[in-house]
Amino acid sequence: GDTAGAATPEVAMAMSGNITVAEADTLELGGAQGNETDSFDYHKEVFPMDLVHDGLTIGLASIGLMIAASGGIGGGGILVPLFMLVLGFRPKHAIALSNFTILGGSIANTVVNSRKRHPGLDRPLIDWDLILIMEPLTIFGAVFGALMGKVLPNIVLTVSLVLILAFMGQRTVKKGLKMWNEETAKMTVQPDQDLEPRSAAVRELRGVQTSSHEMGQDVAYCEFESDTEAPESSNVGQGPVREASLLCKISSLTACFAGVCVLTVLKGGGSLPSPFSFGCGSLGYWVLYFGNIPWVLIFALAFRALLVGEFKAKLRNGHSFAAGEVKWDSHNTIKYPIFCTAAGLLAGLFGVGGGIVKGPLMLEMGIAPSVASASAAAMILFTSAAASTSFIVFGLLHVGYGCLFFTVGFVSTMIGQYGVARVLKKHGRQSPIVLSIGLVICISSVLVFVQDAVDIASGGAAELFRAHGVCSRGA
């Protein structure tokens, strides 16, 4: 983008509004006093648009979002380096813009997926029990990840992102290739399976039953087996009860998310003043910030107790657990949420939505690819919204570009959802979903590495290694 002249400390302070003593102290502790410019004075406004930079970024971002839509990931792994390399934003501004773009895409994903049904079971495609146990700590991690991302040097963020993306990408690609080979082998053994018309869901279910009995349980389609062997009559009259329970779960999760956002806004920050007039970095500021911990833990423990109780009730009723069906016992309801805290930190730190951790994690758990994709996308909605709230409060989101790419995220994801669904239904494969996740992540790791190399070669090493204060507007 176009670079404006560096502002003096006095101009920078005037631009950012009244600076309290606590804010000044925080700026000094962050090593940034006297060196801060207004947050976006180095970058042009969104209009008039530059076709070379803005147009190219919109085109490439749209393609990346369409690919990411099939895998239930937000696409932040490719958006962040794209916003840095092509659009010219600094890393922290690129991360905030990526999160807001992902928010638009996640809304589209959830709208589309909420109307779909599980390919082999009588339940929604989105696994809300999975989200219930995973998402509270993910939201918690996202809020604190945004704080860490604000103060850490850019070099720490980018190097960590490269390592994480490379590791997760190669693991996911390997799993996708394994699934592709298994699908190909199944089609070769059963060439007549598509002679009679069937929906993709029925073909998936048939593939599961054949694979699980003839090839063992460790196969790509085992997760599509029937959820229970009990007769259909046992579920008579349970529909309204299940719907009411589902509505209660979604409402409780929304309340957890809303409380986190309210606390974030009430404390204020470098860009948004607190309604209670708490100075940024003051005691009241930190009390409200860390008030997220008990708030989220209350919901997390309540959700855990609920799912463990439902699991025990299933055991008492003689429920037969299918391969790939998660048993929410006292062990799993602790293990998986811990991983999701890391996913939330990644979302806040790197603007990746958290899907690069939760998508592969759910595949490792044996969740059906289509269910993992839809559930991850729904979780990203909450995670990206929580992180975006923090970024707005910190003054890291460019409002003009935020509105533009929020729209790009929504439209591109909607197109990708319908286009990808049509292709998968036609070919009867689920492995492209997994492969798309892995390929986007791998490409992202290369792009971030290239960005670091370009910055260092152009003499920007000092900026990469500089830390920032919590209340400063610099990035």
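So that you can scan it fast, the table gives a plain yes or no per residue for (1) modelled with pLDDT of 70 or more; (2) closer than 24 Å to residue 167 by Cα; (3) of a type in the set (A, V, I, L, M):
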position: 394; (1), (2), (3): yes, no, no
position: 405; (1), (2), (3): yes, no, no
position: 409; (1), (2), (3): yes, no, no
position: 416; (1), (2), (3): yes, no, no
position: 446; (1), (2), (3): yes, yes, yes
position: 467; (1), (2), (3): no, no, yes
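Summed over the range 277-308, the residues that are surrounded by fewer than 16 Cβ atoms within 10 Å (Cβ to Cβ) and under 22 Å from residue 332 (Cα atoms) give a count of 7.
Being touching a helix residue (DSSP H, G or I) at 6+ places or on another chain (Cβ under 6 Å) and either open to solvent by 70 Å² or more (accessible area, probe 1.4 Å) or part of a helix (DSSP H, G or I) (or both): is that true of residue 311 here? No; evaluated as a whole, the condition is false for this residue. Just one of (1) surrounded by 14 or more Cβ atoms within 10 Å (Cβ to Cβ); (2) aliphatic (A, V, I, L, M); (3) closer than 23 Å to residue 182 by Cβ fails for residue 415. It is (3).
Just one of the listed residues (321, 299) is of a type in the set (Phe, Trp, Tyr) and not in a helix (DSSP H, G or I), and it is 321. The single condition among (1) open to solvent by less than 30 Å² (accessible area, probe 1.4 Å); (2) over 19 Å from the mean Cα position of the chain (by Cα) that residue 96 does not satisfy is (2). Checking each residue of the range 128-143 against the condition of being within 19 Å of residue 95 (Cβ to Cβ), open to solvent by 30 Å² or more (accessible area, probe 1.4 Å) and not β-branched (Val, Ile, Thr) gives at least one match. Looking at the range 146-155, is at least one residue modelled with pLDDT under 80 and exposed (fewer than 14 other Cβ atoms within 10 Å of the Cβ)? The answer is no; no qualifying residue exists.
Listed here are the residues, each with its yes/no results for (1) modelled with pLDDT of 85 or more; (2) over 30 Å from residue 113 (Cα atoms); (3) open to solvent by 20 Å² or more (accessible area, probe 1.4 Å); (4) in a loop (DSSP other than H, G, I, E, B).
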position: 2; (1), (2), (3), (4): no, yes, yes, yes
position: 7; (1), (2), (3), (4): no, yes, yes, yes
position: 13; (1), (2), (3), (4): no, yes, yes, no
position: 18; (1), (2), (3), (4): no, yes, yes, yes
position: 24; (1), (2), (3), (4): no, yes, yes, no
position: 31; (1), (2), (3), (4): no, yes, yes, yes
position: 44; (1), (2), (3), (4): yes, yes, yes, yes
position: 56; (1), (2), (3), (4): yes, no, yes, no
position: 67; (1), (2), (3), (4): no, no, yes, no
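Please identify the pairs in which a residue from the range 441-455 that is open to solvent by less than 60 Å² (accessible area, probe 1.4 Å) has its Cβ atom under 9 Å from the Cβ atom of a residue that is hydroxyl-bearing (Ser, Thr, Tyr), counting only partners at least 6 apart or on another chain. As it stands, the answer is 441/172; 442/172; 448/158; 451/158; 452/158; 455/158, since those pairs meet every condition given.
Scanning the range 356-399 for residues that are farther than 15 Å from residue 106 by Cα and under 11 Å from the mean Cα position of the chain (by Cα) yields one hit, 357. The residue that is nearest to residue 250 (Cα to Cα), among those in the range 95-145 that are part of a helix (DSSP H, G or I) and of a type in the set (Ser, Thr, Tyr), is 110. Looking across the range 69-94, the residues that are within 12 Å of residue 398 (Cβ to Cβ) and either among the hydrophobic types (A, V, I, L, M, F, W, C) or part of a helix (DSSP H, G or I) (or both) come down to 83, 87, 89, 92, 93, 94.
The values are calculated or read from the model by the stated rules, or taken from the named source; none is laboratory data. It should be emphasised that the depicted structure is a prediction, and the values quoted were computed from it without experimental measurement. Cβ coordinates were reconstructed from backbone atoms using ideal geometry, including for glycine residues, and neighbour counts include every protein chain displayed. Note: areas computed on protein heavy atoms with side chains; ligands, DNA, RNA excluded. Shrake-Rupley method; radii C 1.70, N 1.55, O 1.52, S 1.80 Å.
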